[in-house]
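Have a look at the structure below before the remarks.
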Amino acid sequence: MLLELALAAALSFTPPDVGDALCVPRAQLSELTACEPVGPGAYQAQYAAAHVPAQPPELPTEKLPRPTKVLEQSYARVLTAGAPLFNSVEDAQAGVAADSLGKGFVFVQTLGAVQAGEQVLYQTRSGKLIRAVDVQPVEPSRWQGLKLTAKPELPFGWLVKSIRPSPLPGIAAPTSIKRLARGTLIQIFGTVRVGQWNWYLIGHNQWVEQRVVSVVSFHSPPEGVAGRWVQVDLYEQTLVAYEDSQPVYATLISSGLEKWATQPGLFQVWARLKDDRMRGAYEPDGSDYYSLEAVPYVMYFDGDRALHGQYWHDGLGYKRSHGCVNLSPLDARWLYEWSALGTHVWVFDPSKPEARAEAVAEGP
């Protein structure tokens, strides 16, 4: 009904005389081949072309193992600013601190709990002890991308926000429609442009705006690149691993916020570490200070920027780092085991407007 009203309004509108420079709305709807692909005519043509096949093609994927625990290590976030560290149980009982972790976005690797009278202590990666009351254990994201066996027939991606799909492109969904969960895998059967944004047909009468979707794009190898290489799309916040021209893995990432942007370019992995400590601050007042022990599966490719696993957030699909390319632990492990020193990393930015981003950078 809404589509019919929109088309009726277009037919009844009389524009100013602009000669041959522009097709009038009536002509756009009745003589599409003679008009530029814009306006209501383009909407009509795109909408008419969009349909869900009777038998949608299956994505060519290979099932990956799902370990019970995504990381062997255990981690905790430090909640107490300036939380003290102790050399021994006796020092902790006496309140004699050896060091402090400072104030900021701080995580420690915990190696086990120790009872010290009425309080519990955790041993940290550094060997020092921290009080259990000063930390909160965290569970890393269980997100995992797709192992591809061929290039898919249709564009695909994931919802990065829980959303109710709309029955028509460009309108709000009724609250009676069931929400689709964040992380839902979708295929795109058609695209309609409404204003500044594309709307994707992802099912029968199911349309979603592009800003809630991370779409996987495929490209040929950059000039001079052969064998295994990695593509990072800064707008869509996706990563694709290739063997020559064949995509073999695809997933979501979190790259750098605009203030600490991940830089486009062609790079090579110059260092690989199974884990590494990362810390830093870029604001003059140190308000963005972070310190993270045992960041897993680190592949440095552009100075101190790295592809690496993360255990401190579950916001993949949105920019939120200080410049590194964050991956889930399972994706980072796969990429670490598949790649090698010298693996090319092609980072590109399609320069689309208003890329999704969290407001505050958290971690590398």
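On the given criteria, is ALA294 closer than 25 Å to GLN210 by Cβ, assigned to a strand (DSSP E or B), small (Gly, Ala, Ser) and touching a residue at least 40 places away in the same chain (Cβ under 8 Å)? In short, no. Here the condition is being more than 29 Å from the chain's Cα centre (by Cα) and at negative phi; of VAL89, VAL70, it holds for VAL89 alone.
Listed here are the residues, each with its yes/no results for (1) more than 24 Å from SER328 (Cβ to Cβ); (2) in contact with a strand residue (DSSP E or B) (Cβ under 6 Å, 6 or more places away or on another chain); (3) assigned by TED's automatic domain parsing to the domain that holds ASP331.
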site	(1), (2), (3)
GLU223	yes, no, no
VAL232	no, yes, yes
GLN237	no, yes, yes
LEU266	yes, yes, yes
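Being modelled with pLDDT of 85 or more, touching a Phe, Trp or Tyr at 6+ places or on another chain (Cβ under 6 Å) and more than 30 Å from ASP314 (Cβ to Cβ) is a description that does not apply to ALA54. Here the stretch 252-270 is the region considered, the condition is being of a type in the set (Gly, Ala, Ser) and buried (at least 22 other Cβ atoms within 10 Å of the Cβ), and the residue that is farthest from the chain's Cα centre (by Cα) is GLY256.
Count, please, the residues in the stretch 83-129 that happen to be among the hydroxyl-bearing types (Ser, Thr, Tyr) and closer than 24 Å to PRO364 by Cα. Please lay out each step first, then the result.
Of all residues in the stretch 83-129, those among the hydroxyl-bearing types (Ser, Thr, Tyr) come to 88, 100, 110, 122, 124, 126.
Checking the rest, the ones that are also closer than 24 Å to PRO364 by Cα come to 100, 110, 124, 126.
Within the stretch 83-129, residues that are among the hydroxyl-bearing types (Ser, Thr, Tyr) and closer than 24 Å to PRO364 by Cα number 4.
Residue-by-condition table, conditions (1) surrounded by 12 or more Cβ atoms within 10 Å (Cβ to Cβ); (2) modelled with pLDDT under 80:
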| residue | (1), (2) |
| --- | --- |
| ALA10 | yes, yes |
| PRO15 | no, yes |
| GLN28 | yes, yes |
| ALA45 | yes, yes |
| ALA49 | yes, yes |
| ALA76 | yes, no |
| THR80 | yes, no |
| LEU101 | yes, no |
| GLY117 | no, no |
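Counting the residues of the stretch 331-364 that are more than 27 Å from PRO140 (Cβ to Cβ), at pLDDT below 95 and in contact with a Phe, Trp or Tyr (Cβ under 7 Å, 6 or more places away or on another chain) gives 3. Considering SER162, SER166, SER176, SER217, the condition of being within 22 Å of ALA50 (Cβ to Cβ), hydroxyl-bearing (Ser, Thr, Tyr) and surrounded by fewer than 18 Cβ atoms within 10 Å (Cβ to Cβ) is satisfied by SER217 alone. For the stretch 280-291, what are the residues that are closer than 25 Å to VAL347 by Cα and either of a type in the set (S, T, N, Q) or part of a strand (DSSP E or B) (or both)? Result: GLY280, TYR290.
Can you pull out every residue in the stretch 250-279 that is part of a strand (DSSP E or B) and among the charged types (D, E, K, R)?
First, the residues of the stretch 250-279 that are part of a strand (DSSP E or B): 250-252, 254, 256, 265-268, 271-279.
Passing the criteria: ARG272, LYS274, ASP275, ASP276, ARG277, ARG279.
The values are calculated or read from the model by the stated rules, or taken from the named source; none is laboratory data. Please read these numbers as outputs of a predicted model, since none were measured by experiment. Quick reminder, even Gly has a Cβ in these numbers, built from the backbone with ideal geometry, and neighbours come from all protein chains shown.
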